[in-house]
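The values are calculated or read from the model by the stated rules, or taken from the named source; none is laboratory data. Computed from a prediction, not measured in an experiment: that's the story for all the values here. Methodologically, a virtual Cβ is constructed for each residue, glycine included, from the backbone with ideal geometry; neighbour enumeration extends over all protein chains shown.
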Amino acid sequence: MSKKGKYSPEYKEQAVKRALSGSFTIKEVSASLGISYHVLRQWKAEFLKKSDQTNPPTDKQLKESEELKKLRKENIRLREDNAILKKFAAMLSKEQNPD
């Protein structure tokens, strides 16, 4: 079954769904099925492209995506603020305890 076109669309779809389930990595799935890692990645890309064309994102998904972007930016900013505050606290403790 190593020749091109030997795998049925159902087989490809099941392999991709197994990889997308999150239980296994693409490498683990490809190894267990005896197919190339790169072939499975290609199948996954084709599957996702086809599913995006047939199922455009809903308004709710778009809003959640925007909210996720905002939260990620806020998370980065808060981490930077936290790092600055930790440095400032360390400087203050050195000033209070000049050993």
Legend entry - Which numbered condition Ser30 misses (of (1) over 18 Å from Ser8 (Cα atoms); (2) in the same structural domain as Ser8 (by TED's automatic domain parsing); (3) over 17 Å from the mean Cα position of the chain (by Cα)): (1)
Inset, instruction - Kindly indicate the residue of region 52-84 that is β-branched (Val, Ile, Thr) and modelled with pLDDT under 95 and also nearest to the chain's Cα centre (by Cα) among those meeting that condition. - result: Thr58
Inset, instruction - Write out, first by first residue and then by second, each pair whose Cβ atoms fall under 8 Å of each other, whose residues are 6+ apart or on separate chains, and whose first residue, in region 64-79, is free of Cβ contacts under 8 Å to residues at least 40 places away in the same chain while the second is not aliphatic (A, V, I, L, M). - result: Ser65/Pro57
